[in-house]
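Below is one structure, written out as structure tokens, with a few remarks after it.
The values are calculated or read from the model by the stated rules, or taken from the named source; none is laboratory data. Keep in mind the model is a prediction, meaning the values are calculated, not measured. Methodologically, a virtual Cβ is constructed for each residue, glycine included, from the backbone with ideal geometry; neighbour enumeration extends over all protein chains shown. For the accessible areas, the whole protein counts, side chains as well, though only heavy atoms, and no ligand, DNA or RNA atoms are used. Shrake-Rupley method; radii C 1.70, N 1.55, O 1.52, S 1.80 Å.
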Amino acid sequence: MSDLILAPLNDKQKEAVLYTDGALLVLAGAGSGKTRVITHRFAYILREKKVKPFNILSVTFTNKAAYEMKERISKLVGYDLSNVWIRTFHSTGLMILRQNAEYISYPRDFVVYDDNDSKALITSILKDLNYSKDRFSSSAILNKITSLKDDNIGPEEFKKSIHSNFDDVAAKVYEEYEKRLRKSKAVDFSDLIILPYKILTENLNVLEKYQNLWHYIMIDEFQDTNTSQYEFVKLIADKNKNICVVGDDDQSIYSWRGAQIKNIYDFKERYNAKIIPLEQNYRSTSIILEAANKVVEKIYNRMEKKLWTEKKGGERIKIFEAYTDKEEARWVVETIDNMLGNYDFKDFAVFYRTNAQSRIIEEELIYKNIPYKVFGGLKFYARKEIKDILAYIKFIVNPEDWASFERIVDVPKRGVGEATITKIRKLYEDGFSLLDILLGKYELGRVSKAVLDSLHNLGEVIYELNQNKQNITPANFVKILLDAIEYENYLKKYEENPEERWENVEELINSIKIYEGNRKEATVVDYINDITLQSSSDEIGSDEERNYVSLMTIHNAKGLEFPVVFIVGVIDGLIPHSSAGTSVEEMNEERRLFYVAITRAKEKLFISYSDTRLSFGEVKECSPSLFLEDIPDELVEYIAKKDYARKQMRETRKDFQLFGLKDYSELKVGMRIFHSSFGEGDVKFVGENMIKVNFEDFGVQMLSKNEISKIKVAK
């Protein structure tokens, strides 16, 4: 059996699998087979060290990665491991919290708020505290609170370090936010780490239980851990110290959401860890890897490694300089279109620095009738009808969840207005049960009989389903719920596109059935917990499931690979981003981000930028990213923008040539011109000092006679 586990590994991978006792840092370069190391190491410990499956904890960052690991290990050892401790950080914390909720005076059926739930709660708090939503963004406040929690800083501690009016408001909201979470018997994502940590540090018997349970610990993507996650890991690992972390400081790109690159350096020193670098890349060509190495080697004090591959050579990296961002998008899509036949839609990915950059690419893809999907946009689980159903489930599981109650109390329409909700809120804050209020056990005052009856009916549905939540399969649970509240009729009567919305609801039920197939004993409580923890990375389907060009930010691309990759908008201000400022570490992270983008490409890499781009309705001059200077010329093939412009205009007008103008007087109404910033257009008016031109990409623009040097005429 050990031959089966070790045979597919290279020497460094094998060394990492065999080093099972003590602390180990596997420094896994991009595409170096880190998942293979984790899965084969897990299987080796099971088979050769005779360790029981439940005595190993393996933690990663996405549900998809955890599921794939379980599948691969099960195949290696020959039996089902679907229920072992291979989980995300948040899922691990959730299980510990469920099992020990009484230590923090929570019921075990507490609910988990996702970011949308938390944001809605903060919006409500800002309103109640009379803070203007125009001055204080709920998103900004939530980001601040999340950052504080991830650093294990509570409201009282934060109050001691207030430096601005924003901090003062955030502190007050934070304090009230924590009170309302507890009142609703709810936790947020950050609580799934810090509350288990609190339980473990304050209850040594509980800590010893998990330390004795997990003899071996493996952490994937360790460079992405934040402060609270690392503290949690250290607490569990400090008894046995058989901990293996797999990560890459060159791919640390999430500092904006709390990830601490210093954790990977601290681990090496704290545990005197053995370091095994994985440098052989199985993904990309040698040309792509050499470019990536050159980009990242300029980072001072990084952990030394250099990617290499047996795939020698490969095509040179194509770099295209466009006149405008519209022309850049057109070139990208035309290049994809020309390669179809040799590649499928699913083989292409377009990466950009910010979500806003997708629009111009989308327009060109639509024009060419090329299917695509944007990752990081409005997700399935963020659609109104899906949020409605999930809120119902959350409230049924925990009838003290105010945020979910507020969402569903008048969905479908029950005539419940703001005044009635305020009365219910008052009773709720006075300590009365929301379910008892719905069932009419307390006087609401002047509320119509029709509204009281509808609330009572809602209460009966909630009560009955709550009592049977452990006995009904998740899919049947949702079907019963939908029938009970007549949700389909509500969509038809009150919502736009009811058929499309109901199709989404049906698709939700389909997804629940698939979930049931993967977790045979799961209840609706398990389902709502797992779906709340769903991450954006889990959206990417398998090769069989997708047949579209993938569009995403570089941050969303981490962990993925594609045969053909386009990196667009590679200009100063985007890559590196203007928000990076001048600090060395921020600039290093931007450099690592570009490295991550490059190393997603397996066979072909295209990089593009434009001389100008439209920003806030104004044409802005651009400069190519300074990172491009790090890529040696021998690795690159430059595509001249002038040649492409001529090609474009040839396709637009027959027998065309570009001629420069000697004098402003040569311009005539009706001329077809090419402008270095605006592209192609037709002259509509010629005055003494300015002309009016209708450009294809930028509409009507007025140009002064001084811009004649930027104009060429098509003849």
>> Can you go through Lys662, Lys647, Lys654 and tell me which one is modelled with pLDDT of 60 or more and not polar (S, T, N, Q)?
In response: Lys662
> In this structure, does Gly376 turn out to be in contact with a Ser or Thr (Cβ under 9 Å, 6 or more places away or on another chain) and farther than 16 Å from Ile567 by Cα?
Replying inline: yes
>> Of the conditions (1) at pLDDT 90 or above; (2) open to solvent by 20 Å² or more (accessible area, probe 1.4 Å), Tyr494 satisfies every one except a single condition; which number is it?
In response: (1)
> Taking the stretch 52-76, which residues are closer than 21 Å to Leu213 by Cα and either open to solvent by less than 20 Å² (accessible area, probe 1.4 Å) or among the basic types (Lys, Arg) (or both)?
Replying inline: Lys52, Ile56, Leu57, Ser58, Val59, Thr60, Ala66, Met69, Lys70, Ile73
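Okay, residues lined up against (1) in contact (Cβ under 8 Å) with a residue 60 or more places away in the chain; (2) among the aliphatic types (A, V, I, L, M); (3) farther than 30 Å from Lys49 by Cβ:
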site	(1), (2), (3)
Tyr177	no, no, yes
Ala186	yes, yes, yes
Ser190	no, no, yes
Lys241	yes, no, no
Val245	yes, yes, no
>> Filter the stretch 333-373 down to the residues that are among the aliphatic types (A, V, I, L, M) and out of contact with any Asp or Glu (no Cβ under 7 Å at 6 or more places or on another chain) and list them by number.
In response: Ile336, Met339, Leu340, Ala349, Val350, Ala356, Ile361, Leu365, Ile366
>> Given the criteria open to solvent by 10 Å² or more (accessible area, probe 1.4 Å), under 20 Å from Ser252 (Cα atoms) and either part of a strand (DSSP E or B) or at pLDDT 95 or above (or both), does Ile288 qualify?
In response: no
>> I'm trying to understand the selection: among the residues of the stretch 217-250, which are open to solvent by less than 20 Å² (accessible area, probe 1.4 Å) and not hydrophobic (A, V, I, L, M, F, W, C)?
In response: Asp220, Gln223, Asp224, Thr225, Asn226, Ser228, Gln229, Tyr230, Gly247, Asp248, Asp249, Asp250
> Give me the pairs: first residue in the stretch 99-122 and small (Gly, Ala, Ser), second residue surrounded by fewer than 19 Cβ atoms within 10 Å (Cβ to Cβ), beta-carbon distance under 6 Å, and six or more apart or on different chains, which are they?
Replying inline: Ala101/Arg108
> Just wondering, is there one or more residues in the stretch 17-28 that are assigned to a helix (DSSP H, G or I), in contact with a Lys or Arg (Cβ under 7 Å, 6 or more places away or on another chain) and buried (at least 24 other Cβ atoms within 10 Å of the Cβ)?
Replying inline: yes
> So which residues in the stretch 1-16 are assigned to a helix (DSSP H, G or I) and either open to solvent by 80 Å² or more (accessible area, probe 1.4 Å) or within 12 Å of Cys244 (Cα to Cα) (or both), if there are any at all?
Replying inline: Asp3, Leu4, Asp11, Lys12, Ala16
>> Of everything in the stretch 272-307, what is farther than 19 Å from Lys318 by Cβ and small (Gly, Ala, Ser)? Give them in sequence order.
In response: Ala273
>> Among the residues of the stretch 179-216, what is the count of those that are open to solvent by less than 10 Å² (accessible area, probe 1.4 Å) and over 30 Å from Pro399 (Cβ atoms)?
In response: 2
> Among helices (runs of 4 or more DSSP H) lying entirely in the stretch 357-443, which contain 3 or more residues that are touching a residue at least 12 places away in the same chain (Cβ under 8 Å) and under 21 Å from Phe477 (Cα atoms)?
Replying inline: 384-397, 402-408
> Which ones in the stretch 335-354 are among the polar types (S, T, N, Q), in contact (Cβ under 8 Å) with a residue 60 or more places away in the chain and assigned to a helix (DSSP H, G or I)?
Replying inline: Thr335
> For the stretch 469-489, how many residues meet the condition of being in a helix (DSSP H, G or I) and either of a type outside the set (Gly, Ala, Ser) or surrounded by fewer than 16 Cβ atoms within 10 Å (Cβ to Cβ) (or both)?
Replying inline: 13
> Can you tell me which residue in the stretch 499-533 is farthest from Ile386 (Cα to Cα), limited to those that are loosely packed, with under 14 Cβ neighbours inside 10 Å and in contact (Cβ under 8 Å) with a residue 60 or more places away in the chain?
Replying inline: Asn518
> Of all residues in the stretch 209-233, which are part of a helix (DSSP H, G or I) and closer than 30 Å to Leu307 by Cα?
Replying inline: Phe222, Gln223, Asp224, Thr227, Gln229, Tyr230, Val233
>> Being closer than 29 Å to Thr60 by Cβ, out of contact with any strand residue (DSSP E or B) (no Cβ under 7 Å at 6 or more places or on another chain), at pLDDT below 85 and surrounded by fewer than 21 Cβ atoms within 10 Å (Cβ to Cβ): is that true of Asp134 here?
In response: no
> Residue check, Gly459 against (1) small (Gly, Ala, Ser); (2) open to solvent by 10 Å² or more (accessible area, probe 1.4 Å); (3) more than 25 Å from Asp114 (Cβ to Cβ), all met but one. Which one?
Replying inline: (2)
> When you scan the stretch 291-320, how many residues do you find that are small (Gly, Ala, Ser), buried (at least 17 other Cβ atoms within 10 Å of the Cβ) and in a loop (DSSP other than H, G, I, E, B)?
Replying inline: 1
